[in-house]
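Heads up: the structure comes next, in structure tokens.
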Amino acid sequence: MRKFFPVEDLARDSRFQQITMSQSQADPRSVFSAEKSGESKRPKSNRLTPGRADASDAARGLMHGIFVGEIQALEGAGRTCHDFETGTSDAIDTVPFELKLDMARQAWDEARHVEISVMLSDWMGTEIGQYAENTVLFEAACSNDPVLRLAGVNRALEGLAIDVFTTMKEFGDIAGDPYLEFCEDWMLADEVTHVKMGSDWLRRVTEHDPERRKKALEFQSVVDKIFSYGGTRSDSQESPIGLARRFRELAGFTDDEVDEIADVSRKALEERKAFVAGATTSS
């Protein structure tokens, strides 16, 4: 079977439309683009709550993003199981057998999440393919070094999933939707486990290779900044998605690591606000 599958060859049917991160942020429905054009109807407190005027569309769009993200997480975990040989050496093309078992367990979890997300999307009135699919998650799972995959996918992107699921769980609770709240809580428990597996394996595999660990954590920081979406995820109420500090702690993040992510997200928010202010002034 083919190894190291490129993102361009992902199998999708005609319902799916894949876009890049740049295209996603240029979407007129996004916070960044709408504010730039002065057409945003969102309040300064952007946290996703039922009281927002666009709450229904925002929640359905986020749910569809979760759905396609779970597909890519399934594909990424499966590729990590298959792409690397079993071994105990420090070579970047081998991984411990137990790591493969954890990735196989994650693939099973992600398959279940895809099914849950399909049913939730239908429950919320969203059709598959109604929103475009951003493929950055799978791109983070294409590295030739499995440690970079653990940092980029399990710690950065699955960490983002913790934040997203916590936000959606709280949204379901406030909106009085027990189905949404229960399903998001169920999947959140799995995501904490996935991040914890990534954190543990990253430290174990790089125990005697500090340079490799440093490179992996730098890659994680890059992915975290990309997925801050110009401040979409942060501690600030100006961000739709909050930073789930307690669940990140349970997933193996140290206080310093969470503070660093919060700082990256804060800077991304400030950069977006500065850009919007500059665009408004120039117009």
Region 140-171: number of residues that are closer than 20 Å to Ala58 by Cα and surrounded by fewer than 21 Cβ atoms within 10 Å (Cβ to Cβ): 2
Some residue of region 114-130 being of a type in the set (Asp, Glu) and either buried (at least 19 other Cβ atoms within 10 Å of the Cβ) or in contact with a strand residue (DSSP E or B) (Cβ under 6 Å, 6 or more places away or on another chain) (or both): no
Leading residue by the ranking (farthest from Leu160 (Cα to Cα)) among those in region 208-238 that are among the small types (Gly, Ala, Ser) and part of a helix (DSSP H, G or I): Ala216
Breaking point among (1) buried (at least 21 other Cβ atoms within 10 Å of the Cβ); (2) in contact with a Ser or Thr (Cβ under 7 Å, 6 or more places away or on another chain); (3) at pLDDT below 90, for Tyr229: (2)
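Residue-wise test of (1) buried (at least 22 other Cβ atoms within 10 Å of the Cβ); (2) more than 24 Å from Leu148 (Cα to Cα); (3) free of Cβ contacts under 8 Å to residues at least 24 places away in the same chain.
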site: Glu181; (1), (2), (3): no, yes, yes
site: Asp190; (1), (2), (3): no, no, no
site: Glu207; (1), (2), (3): no, no, yes
site: Pro210; (1), (2), (3): no, no, yes
site: Arg213; (1), (2), (3): no, no, no
site: Val223; (1), (2), (3): yes, no, no
Conditions (1) surrounded by 17 or more Cβ atoms within 10 Å (Cβ to Cβ); (2) under 19 Å from Asp259 (Cβ atoms); number of the one not met by Gln237: (1)
Some residue of region 239-256 being part of a helix (DSSP H, G or I), free of Cβ contacts under 8 Å to residues at least 60 places away in the same chain, hydrophobic (A, V, I, L, M, F, W, C) and touching a helix residue (DSSP H, G or I) at 6+ places or on another chain (Cβ under 9 Å): yes
For Val95: the one exception among (1) touching a Phe, Trp or Tyr at 6+ places or on another chain (Cβ under 8 Å); (2) touching a residue at least 12 places away in the same chain (Cβ under 8 Å); (3) surrounded by fewer than 24 Cβ atoms within 10 Å (Cβ to Cβ): (3)
Failed item in (1) free of Cβ contacts under 8 Å to residues at least 24 places away in the same chain; (2) within 17 Å of the chain's Cα centre (by Cα), with Val164 passing the rest: (1)
Number of the exception - Glu271 against (1) within 30 Å of Ile92 (Cβ to Cβ); (2) surrounded by fewer than 16 Cβ atoms within 10 Å (Cβ to Cβ): (1)
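The values are calculated or read from the model by the stated rules, or taken from the named source; none is laboratory data. Just so we're clear, the structure is a prediction, and the values are computed from it rather than from any experiment. All Cβ positions, even for glycine, are placed from backbone atoms using ideal geometry, and neighbour counts span all protein chains on display.
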